[in-house]
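Below is one structure, written out as structure tokens; the observations come after it.
The values are calculated or read from the model by the stated rules, or taken from the named source; none is laboratory data. Since the structure is predicted, the reported quantities are computational estimates derived from the model, not experimental observations. Virtual Cβ from ideal backbone geometry, glycine too; neighbours counted across all protein chains shown. In case anyone asks, the SASA skips ligands and DNA or RNA and just uses the protein heavy atoms, side chains included. Shrake-Rupley method; radii C 1.70, N 1.55, O 1.52, S 1.80 Å.
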Amino acid sequence: MAEFKHLVLVKFKEEVVVEDVLKEMEKLVSEMDIVKSFVWGQDIESLEMLRQGFTHAFLMTFEKKDDFTAFASHPNHVEFSAKFSTVIEKAVLLDFPVVTVKSPA
């Protein structure tokens, strides 16, 4: 079964202390064993017209889609998401199974 990814691109509201939000997100992920990995980053290279205002990317990996479904409906995630939605100006979410392409031998 393929790994499952949860990708979130966001632009935070101007007055938000991003570091505080990141600490809360890292705490949430550390408490959830079903999250296989979690990485995030802030865009520092793209031209504004290409990133369309999005400044941060968050990527979670799950062993399978069922683990993502359990994570998404977990009370801790639901509570965090409610707070998170108040500090972002806009977001894009993509949830997808990993497609592995073998390189030619």
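The helices (runs of 4 or more DSSP H) found wholly in region 19-105 and carrying at least 3 residues that are within 15 Å of the chain's Cα centre (by Cα) and at negative phi occupy 65-73, 75-87. Between 34, 44, the distinction of being out of contact with any His (no Cβ under 6 Å at 6 or more places or on another chain) and either of a type in the set (Gly, Ala, Ser) or open to solvent by less than 80 Å² (accessible area, probe 1.4 Å) (or both) belongs to 34 only.
Please verify whether residue 10 is surrounded by 13 or more Cβ atoms within 10 Å (Cβ to Cβ), touching a residue at least 60 places away in the same chain (Cβ under 8 Å), part of a strand (DSSP E or B) and at negative phi, treating the condition exactly as stated. Even if it seems obvious, please write down each step before you answer.
Numbers: surrounded by 13 or more Cβ atoms within 10 Å (Cβ to Cβ): yes; touching a residue at least 60 places away in the same chain (Cβ under 8 Å): yes; part of a strand (DSSP E or B): yes; at negative phi: yes.
So residue 10 fits the description; yes.
Restricting attention to region 83-97, the residues that are at pLDDT 95 or above, under 22 Å from residue 32 (Cα atoms) and exposed (fewer than 15 other Cβ atoms within 10 Å of the Cβ) total 4. Taking region 14-32 only, how many residues are more than 17 Å from residue 93 (Cα to Cα) and either touching a helix residue (DSSP H, G or I) at 6+ places or on another chain (Cβ under 8 Å) or of a type in the set (D, E, K, R) (or both)? Total satisfying the criteria: 13.
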